[in-house]
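Each remark here refers to the structure printed beneath this line.
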Amino acid sequence: MNFKTLDELASLCAERSLSIGRLMVEEQSLESGRSPEAEFSTMAQYYEVMKEAVERGLTENTTSPSGLTGMDAQRVVNYGTQQEMNLGGAAGEVMAYALAVSEVNASMGRIVATPTAGSCGVIPGVFVSSQKRFGWSDEHMVYGLFAAGAIGYVIANNSFISGAEGGCQAEIGSAIGMAAGALVELRGGTPAQAVHAVGLALKNTLGLICDPVGGLVEVPCIVRNGFGAVTALAAADMALAGVRSVIPSDEVIQVMMEVGSSMPEKHRETAKGGLAQTPTGRKIMQDL
């Protein structure tokens, strides 16, 4: 890749007069040796899997093998049909869609790790609900996924995307940043605005621990996907409105690295601390 930071990514886009997504298609093609068309086709297949996961989570039984989780996405949808939601239509829908995909993951269904299985609901939740809302084509959405991928590439190579390394800030936080930046681009924002959205999103999740109850990617992982998708909408709106990340986004990524490195082991996916070690969390582990 010809960029290592978000600042370099935005500068390249300006130099080549390309969006982040279109630039990333070219960069990925150069990296892999495959044609841009082949790279695009592969990403389009991933998007189909995302859409299928949303649909499954909203229509099928998603009770997990542990019995701990399942069907919450459908509960949210049903609630929204019965009375006005506090969040409002768009935010309520993105929350339900994100929960749906994460519940499909927990029930052993097929998902796309974006960037991890534990954070798999955020990007599909944002993308599929936004496509439905704004009437965008699949082609437009696939370029958006390339934009999300470029952002994820920078985060992964300058900080963490693994909860075992950097806590849940690395998984959910990265997914929110990727979704927010890509949504800015999908809405017609500039690469610079997309970069600001990443910083705004990441700052809101700094320090978030990874504390899976029973060591399973279910509690609190699934609801964090729902909350994360809503946060991505907020970060994108702020950036599109002209709100800047006063601390440059690349510096925020470095702070994520610093915070994650200093996080105790018990708060990094070991189930030795946090919610996993509450009385209820310990009982669930014993029962499992």
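The values are calculated or read from the model by the stated rules, or taken from the named source; none is laboratory data. Computed from a predicted structure; not experimentally measured. We place every Cβ from the backbone using ideal geometry, glycine too, and count neighbours over all the protein chains shown. Areas reflect the complete protein model, heavy atoms only, side chains present, ligands, DNA and RNA absent. Shrake-Rupley method; radii C 1.70, N 1.55, O 1.52, S 1.80 Å.
For Ala164, the conditions (1) open to solvent by 30 Å² or more (accessible area, probe 1.4 Å); (2) within 30 Å of Lys283 (Cβ to Cβ); (3) assigned to a loop (DSSP other than H, G, I, E, B) all hold with the exception of (3). When Asp237 is tested against (1) closer than 26 Å to Glu185 by Cα; (2) in a loop (DSSP other than H, G, I, E, B); (3) without any contact (Cβ under 8 Å) to a residue 40 or more places away in the chain, only condition (2) is not met. Residue count for the stretch 127-145, restricted to those that are open to solvent by 10 Å² or more (accessible area, probe 1.4 Å), part of a helix (DSSP H, G or I) and of a type in the set (Phe, Trp, Tyr): 2. Here are Ala192, Ala148: which of them is open to solvent by 50 Å² or more (accessible area, probe 1.4 Å) and either more than 30 Å from Met285 (Cβ to Cβ) or within 13 Å of the chain's Cα centre (by Cα) (or both)? Within the list Ala192, Ala148, the selection yields Ala192.
Do any helices (runs of 4 or more DSSP H) entirely within the stretch 1-108 hold 3 or more residues that are hydroxyl-bearing (Ser, Thr, Tyr) and open to solvent by less than 60 Å² (accessible area, probe 1.4 Å), and if so, which? Show your work before the answer.
Numbers: elements: 6-16, 20-32, 36-59, 72-82, 89-106.
Correct list: 36-59.
One residue stands out among those in the stretch 244-288 that are in contact with a Pro (Cβ under 8 Å, 6 or more places away or on another chain) and within 16 Å of Gly166 (Cβ to Cβ): the one that is surrounded by the fewest Cβ atoms within 10 Å (Cβ to Cβ), which is Gly273.
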